[in-house]
Amino acid sequence: MGMFDTSFAVKANRQFIKKTMAADLLEADHELKLAYAWRDHQDHKALHELTSAYFRLVVAVAARFKNYGLPMGDLMQEGVVGLMQAAQRFEPERNVRFATYATWWIRAAIQDYILRNWSIVRLTSTASQKSLFFNLRRVKAKIEGNPSKDLSREGALKIARALRVDVSDVEEMDARLTAGDRSLNATPGEPGESEWQDLLPDDGPRPDEHVMNLRDSAKRAAWIQQALSQLTPREQVIIRERQMQDDSVTLETLGLRLGISKERVRQIEANALAKLRNALLAQVGDPVAAGLVGTA
């Protein structure tokens, strides 16, 4: 974003804040009337008046999260989304002021936006982890005095007790908050040297291992196909359905399909497995070592 775009965004944000702070507050009776008009009659004019009066809530809540490094305009935009969600779900008969109800939705929308955009790596998934993310700096500053300094083991233990989370979660989250994202294309040393991505270990097989695995798989498939060809058609059906499927078919189901009892299916399966083993022994010597059958 260029300098002109940045200054324009700042000016637009200031105008929005100035306009929202100048909006009239709603009396409780009038607020209730607007809420009923929107919910019961989908009166968009009432919705506009109701939400416009509480844009100041969006500004106030967004300001609490301005230190997370995201544009204030984006935070306010997400807050408006939360405000509209609150208006959609508000139940006026519960005798709760709309401001009280909407604040929760605005804060939730802004927090979700921060969690999605603060880092390129997803940060949290559980409620306790989200609470840790948004409270760690405050509690760390209270316990250790400076939220930007390295977290001591004693400080981590105190924070874990205060927030009721594991100390390992505290240490991991603190490392994420203080370190930030790092480009894999950055160089750990002098410019022109290896990049960080060059230092990452590759857990996959080497090219020669990959070729050998493909060749071995093809060989095993040929052995099994040759062994299967020595079974009767009924034996092949039972072996394929019972031994070569991720979800094997039950003995009873196969019995109904083949017109025999499930005990007879079990007997045929046992005989077919023995024939397969003998056929594989004749080809490779040890089918267990070759990874073709189990030891059972």
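The values are calculated or read from the model by the stated rules, or taken from the named source; none is laboratory data. What you see is a predicted model; the values in this text were computed from it and never measured. All Cβ positions, glycine included, derive from the backbone under ideal geometry; neighbour counts span all protein chains shown.
Quick notes
- Selected residue (criterion: surrounded by the most Cβ atoms within 10 Å (Cβ to Cβ)) from residues of segment 17-63 that are without any contact (Cβ under 8 Å) to a residue 24 or more places away in the chain and within 17 Å of Thr103 (Cβ to Cβ): Ala60
- When residues of segment 85-114 are limited to those that are surrounded by fewer than 18 Cβ atoms within 10 Å (Cβ to Cβ), within 25 Å of the chain's Cα centre (by Cα) and in contact (Cβ under 8 Å) with a residue 24 or more places away in the chain, the one farthest from Lys18 (Cα to Cα): Asp112
- Lone unmet requirement of (1) modelled with pLDDT of 85 or more; (2) closer than 23 Å to Ser168 by Cβ for Val58: (2)
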